[in-house]
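A short write-up of the structure that comes next.
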Amino acid sequence: MPLGSASALTFFYALGYPVGALAVSVMSPMAVLVFRFGLAAAILATWAKFARVNWPTGRTLVHVLISGLLAQGLLFTCLYVALMHGAPAVLGAVIISMNPVVTAVLAAMFLGEGLTRTRVVALALGVVAVLASCAGRLIAVGGVDPAVLLILVSLFSVAAGGVYQQKFCSGVDFRATAALQNAACILPVVALAAVMPWTVTDPWKAVAAVAAVVLLNAVLSMTLYVRGITEYGAAAVAMLFAVIPAVAGVMSWVMLGQRPDIGIAVGLVVGAVACWLNARGSRQQREDDPSRDRRGQHRVDPVHDSPVAGQ
């Protein structure tokens, strides 16, 4: 994945955590999500229309909608409710940063990608990172509270959504995919908003926070995310989660005054190592088996070997 694309996606995805936390501090989570998905879908659909992209139909359309419910609907619904219940933004970032490790497992199960010893070690370190990150909150509340469980659901949903999109939606234009994924989430969050309290404690701050959520996170960040998966694959994009928590932690400290505790700091370091090991294992696997048929290198004449594409 090119440095420019990776840097932009990392910055704007990380920004979504403190901005989301700020939004749900002045407006109920489902209200934020109604505006987020509704406005983002309208903006992205307009962009796709003017770009004259081809819209998916039939079974492909259904697959795109399902990927949206997983990668965006379930992800942000659970995350925003967790933030409303006091989970620090950086805690959400660190737990969800285990996306590459969970993605590797799901890719092995559903995409036929091998799970090497190195990637198994990365998986174990990922579990350690999550436990370390949650340690402070687990001690404070005397066990696993709903906020941590909700963030874990967010982790598995974003990983599942990325793998699902790569498997079934790889041929769809990223603008159409982003628009439809947001649109798919509107009805579920409207239904949830209808049965949950709708509160706004600071209207002006709410307007600013929702605008930032829609434009910077829902439109820009998630479009870069969808495009990254379409062009480079779920595993390549997931590698960015090794650095996203660090960026999100700095932003949360500056914007919200949420200083990471020692457990989160340990989780951040161990999680980065886990993601690095997973990336190393994935890269070695591609070099050993470029055709991904699990039969190793196919060498007839080294002069004609094609270069292995990097992430």
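Label positions at Asn54 and Val121, each projected 7 Å from the Cα along the C-beta direction, are separated by 4.5 nm. Here the accessible area of the chain is 68 percent carbon and sulfur, with a 1.4 angstrom probe and all protein chains present. Taking the C-alpha atoms only, the angle from helix 117-141 to the longest principal axis of the chain is near 10 degrees.
Given contacts defined as C-alpha pairs under 8 Å and at least six residues apart, what's the relative contact order of the chain, whole-number percent?
On the way: 478 pairs, mean separation 116.9, N = 311.
Contact order relative to length: 38 percent.
In the chain, the calculated helix contribution to ellipticity at 222 nm averages -24000 deg cm²/dmol per residue, counting -39,500 (n - 2.57) for every DSSP H run with n ≥ 4. Loop-located trypsin sites (Lys or Arg not before Pro) in the range 1-104 (DSSP state other than H, G, I, E, B) with a sparse environment of at most 13 neighbouring Cβ atoms within 10 Å: Arg52.
In this structure, the amide hydrogen of Met27, modeled 1.01 Å from its nitrogen in the peptide plane, lies closer than 5 angstrom to those of Thr201, counting only residues at least 5 positions away or on a different chain. Average accessible surface for the chain: 46 Å² per residue, computed with a 1.4 Å probe over protein heavy atoms with every protein chain in place.
Projected label points at Leu192 and Val254, each 7 Å from Cα along the beta carbon direction, are separated by 3.0 nanometres. For the range 71-161, the Kirkwood hydrodynamic radius from C-alpha pairs, put into Stokes-Einstein at 4 °C and a viscosity of 1.567 mPa s, yields a diffusion coefficient of 96 µm² per second. If you bin all the Cα-Cα distances of the range 133-276 at 10 Å, starting from zero, the percentages per bin are 9, 28, 37, 23, 2. The shape of the range 1-149 can be summarised by an equivalent ellipsoid whose semi-axes, obtained from the alpha carbon gyration tensor, come to 29, 24, 15 Å from longest to shortest. Scanning residues 5 or more positions from Val243 or on other chains, none has an amide H under 5 Å from its amide H, with H placed 1.01 Å from N in the peptide plane. Relative to the Cα centre, the charge distribution of the chain, modelled as +1 at Lys and Arg Cβ and -1 at Asp and Glu Cβ, gives a dipole magnitude of about 240 debye. Scaling the Cα radius of gyration of the chain by the globular reference 2.2 N^0.38 Å produces a ratio of 1.00.
A simple packing score, the average count of other Cβ atoms within 10 Å per residue, orders the peptides 118-124, 5-11, 191-197, 98-104 as 98-104, 118-124, 5-11, 191-197, with the highest score first.
In terms of the Cα gyration tensor, with a ≥ b ≥ c the square roots of its eigenvalues, is the range 1-68 rounded because a/c is under 1.5, prolate because a/b exceeds b/c, or oblate?
Values: a/c = 2.07, a/b = 1.29, b/c = 1.60.
Oblate.
The values are calculated or read from the model by the stated rules, or taken from the named source; none is laboratory data. It should be emphasised that the depicted structure is a prediction, and the values quoted were computed from it without experimental measurement. FYI the Cβ positions are ideal-geometry reconstructions off the backbone, even for glycines, and counts take in every protein chain you see. Note: accessible area is taken over every heavy atom of the protein model, side chains too, but ligands, DNA and RNA are not part of it. Shrake-Rupley method; radii C 1.70, N 1.55, O 1.52, S 1.80 Å.
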